[in-house]
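In what follows, a structure is listed as structure tokens, so that the remarks can point back to it.
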Amino acid sequence: AIDERLDEILALDEALGHLRALDERLCRVVEMRYFAGLGDAEIAECLGVTPRTVGRDWLKARLFLARELAPH
């Protein structure tokens, strides 16, 4: 079970690296929302964008990560 969890964490780290290379802001939105637990308004303030932009970024990032993490 530990090996499986470690594989998931490593896959997520790799996928976030790919996302960062594609779009730094999308990656930052994921990190702030998922790992720091910030809401759209808080993230928007940190990034200097609107909460609506954060919502769109979150959607794009989730779709990207789902595709990256899907079994091949």
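Determine how large the accessible area of ARG20 is when every protein chain is in place; take a 1.4 Å probe and give Å² rounded to the nearest 10. Here the accessible area works out near 90 Å².
Remark: spin-label model distance ILE9-ALA70 equals 2.7 nm, labels positioned 7 Å along the Cα→Cβ axis.
Our coupling estimate for the range 33-47, obtained by passing each phi through the Karplus curve with A = 6.51, B = -1.76, C = 1.60 and θ = phi - 60°, is 7, 6, 8, 9, x, 7, x, 4, 5, 5, 5, 4, 4, 5, 8 Hz, Gly and Pro reported as x.
May I ask you to derive the relative contact order of the chain, considering only C-alpha pairs under 8 Å and at least 6 residues apart, and to give it as an integer percent? Could you put the intermediate results ahead of the total?
Working: 46 pairs, mean separation 23.7, N = 72.
Across the chain, relative contact order equals 33 percent.
Tally Lys and Arg at +1 and Asp and Glu at -1 over the other residues with C-beta under 11 Å from the C-beta of ARG33: what net charge comes out? Value of the local net charge: -2.
Using a simple charge model, +1 on the beta-carbon of Lys and Arg, -1 on the beta-carbon of Asp and Glu, nothing else, what dipole does the chain show about its Cα centre, in debye to the nearest 20?
About 420 debye.
Database remark: amide H of LEU38 closer than 5 angstrom to the amide H of ARG33 (H placed geometrically; neighbours at sequence offset of 5 or more, or on other chains; Pro and chain starts carry no H).
In order along the range 63-68, the Karplus-derived 3J(HN,Hα) couplings, from 6.51 cos²θ - 1.76 cosθ + 1.60 at θ = phi - 60°, round to 5, 4, 5, 4, 5, 5 Hz, and Gly and Pro are given as x.
Give me the base-10 log of I(q)/I(0) for the chain at each q in 0.13, 0.20, 0.27, 0.28 Å⁻¹, Debye formula, one uniform scatterer per Cα, rounded to two decimals. So the normalised log intensities work out to -0.39, -0.81, -1.20, -1.26.
The values are calculated or read from the model by the stated rules, or taken from the named source; none is laboratory data. Just so it is clear, the model here is predicted, and its values are computed rather than measured. So basically every Cβ, Gly included, is an ideal-geometry build from the backbone, and we count neighbours across all protein chains shown. Only protein heavy atoms, including side chains, enter the accessible area calculation; ligands, DNA and RNA are left aside. Shrake-Rupley method; radii C 1.70, N 1.55, O 1.52, S 1.80 Å.
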